[in-house]
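Peer 1: One structure is given below, represented as structure tokens, and several questions about it will come after.
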Amino acid sequence: MERRISGSTQLLGLIGDPVAHSLSPAMHNAALAAMGEDYCYVPFPVAAERLAVAVPGLAAIGVRGFNVTIPHKQAILPLLSQVEARAAAVGAVNTVYALPEGGWGGTNTDIDGFVQPLLGLEKGIPTLILGSGGAARAAIQGCLELGLGPVRVVGRSSEKLRALQQTWPQVETLSWAELDCHLPETCLVVNTTPVGMHKPGSPAELSPLSREQLRLLPAGATVYDLVYVPDPTPLLRMAAELGHTPVSGLEMLIHQGAKALSLWLGGKPVPVEVMRQAARQQLARIGDPNS
Ligand code: NAP
């Protein structure tokens, strides 16, 4: 579909470093075109040391809202006039919107994106989160909002695990060595480590859980991998082969984007399927490990 940019076109965008391989521009611009909205979504590469200059600069040129990715998700908090409570609990903002009175408001639609594929799960199911970084924090908040639990987090940094318990005292923390004895009662496993993510030049097929460990899960457990390159990851491929229910991290990416776009457009429904198709096409173009 032909895009017309005119003097009245409004700007949305993404700040991060790097942003060149982001799927968000393709996803958002496809949805905006399908909706006939006179907006354009632009990736802005912003180095860490330029963040404090870039954020007021985006306001000065009238940007309506923007996404935030690595390395700015935490660093942006002090530059915002308002931060929603759940984003503050997670300690990260991925979506920023212009406030009517000036300044920026921040929220975390990674939490909304994370929960969307899990909405059909029963409450109160034992859940295991692998990893204790930024994505784990969004996943914990999402699991608790869904009423899942007990929620256990496996990490290798005792400092990060202690910090998680300070925010969410109800979460149990484990070392990787303690993992196996909890697998037989775990109905949902979420990988928030980058293990399994394709790296150029690396032929290794890595997975945060072995086939033997996946076999310990109850039949039909849900296995959710936040990594989505390759799609499916080795973890999800093995989980499907063993009869578990795989959930791709691409769904989280699509739904965090849909929630952000709807927010910027004043709560309008957005075409999620258009965003999914655009993300998949872009991933096939840039994310195919064999390309
Ligand atoms: P992060 O803050 O760096 O956290 C990564 C976590 O994984 C840390 O706890 C780290 O442990 C652990 N880890 C790293 N390598 C490990 C290994 N070999 N074995 C065991 N643990 C390991 O990164 P993040 O921002 O949370 O992102 C994590 C992954 O989620 C990335 O692949 C990212 O692309 C993906 N993600 C996907 C979405 C989506 O929309 N689908 C959204 C956000 C993130 P240490 O703390 O000990 O280093």
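Peer 1: For residues that are away from the ligand (no atom under 11 Å from the Cβ) and surrounded by 13 or more Cβ atoms within 10 Å (Cβ to Cβ), scanning just region 155-178, find the one that is nearest to LYS123 (Cα to Cα).
Peer 2: Looking at residues that are away from the ligand (no atom under 11 Å from the Cβ) and surrounded by 13 or more Cβ atoms within 10 Å (Cβ to Cβ), I get VAL171.
Peer 1: Assess whether ALA219 counts as being closer than 28 Å to GLY124 by Cβ, over 16 Å from the mean Cα position of the chain (by Cα) and free of Cβ contacts under 8 Å to residues at least 12 places away in the same chain. Let's see the steps before the verdict.
Peer 2: Numbers: closer than 28 Å to GLY124 by Cβ: yes; over 16 Å from the mean Cα position of the chain (by Cα): yes; free of Cβ contacts under 8 Å to residues at least 12 places away in the same chain: no.
So ALA219 fails the test.
Peer 1: Looking at region 232-251, which of the residues that are closer than 21 Å to GLN281 by Cβ and part of a helix (DSSP H, G or I) is nearest to the ligand (Cβ to nearest atom)?
Peer 2: GLY249
Peer 1: Residue by residue through region 179-195, note down the ones that are farther than 16 Å from ALA239 by Cβ and more than 12 Å from the ligand (Cβ to nearest atom). Spell out how you get there, then give the answer.
Peer 2: Applying the first criterion (farther than 16 Å from ALA239 by Cβ) to region 179-195 yields 180-182, 185, 194.
Within region 179-195, ASP180, CYS181, HIS182, GLU185 meet the criteria.
Peer 1: Continuing with the same structure: State which residue is farthest from the ligand (Cβ to nearest atom) when the search covers only region 252-291 and only residues that are charged (D, E, K, R) and out of contact with any strand residue (DSSP E or B) (no Cβ under 9 Å at 6 or more places or on another chain).
Peer 2: Restricting to residues being charged (D, E, K, R) and out of contact with any strand residue (DSSP E or B) (no Cβ under 9 Å at 6 or more places or on another chain), the top hit is LYS268.
Peer 1: Can you name every residue in region 50-69 that is closer than 21 Å to ALA20 by Cβ, part of a helix (DSSP H, G or I) and within 24 Å of the chain's Cα centre (by Cα)?
Peer 2: Of everything in region 50-69, those that are closer than 21 Å to ALA20 by Cβ, part of a helix (DSSP H, G or I) and within 24 Å of the chain's Cα centre (by Cα) turn out to be ARG50, LEU51, ALA54, VAL55, LEU58.
Peer 1: Going by the structure shown, is ALA30 part of a helix (DSSP H, G or I), within 21 Å of LEU253 (Cα to Cα) and at pLDDT 95 or above?
Peer 2: yes
Peer 1: So, in region 196-214, of the ones that are in contact (Cβ under 8 Å) with a residue 24 or more places away in the chain, within 18 Å of GLU178 (Cβ to Cβ) and surrounded by fewer than 22 Cβ atoms within 10 Å (Cβ to Cβ), which residue ends up nearest to the ligand (Cβ to nearest atom)?
Peer 2: Only one residue tops the list, namely GLN213.
The values are calculated or read from the model by the stated rules, or taken from the named source; none is laboratory data. Here the structure is a predicted model, which is why all the values come from computation and not from measurement. Positions of Cβ are generated from backbone atoms using ideal geometry, with glycine treated the same way; all protein chains shown enter the neighbour counts.
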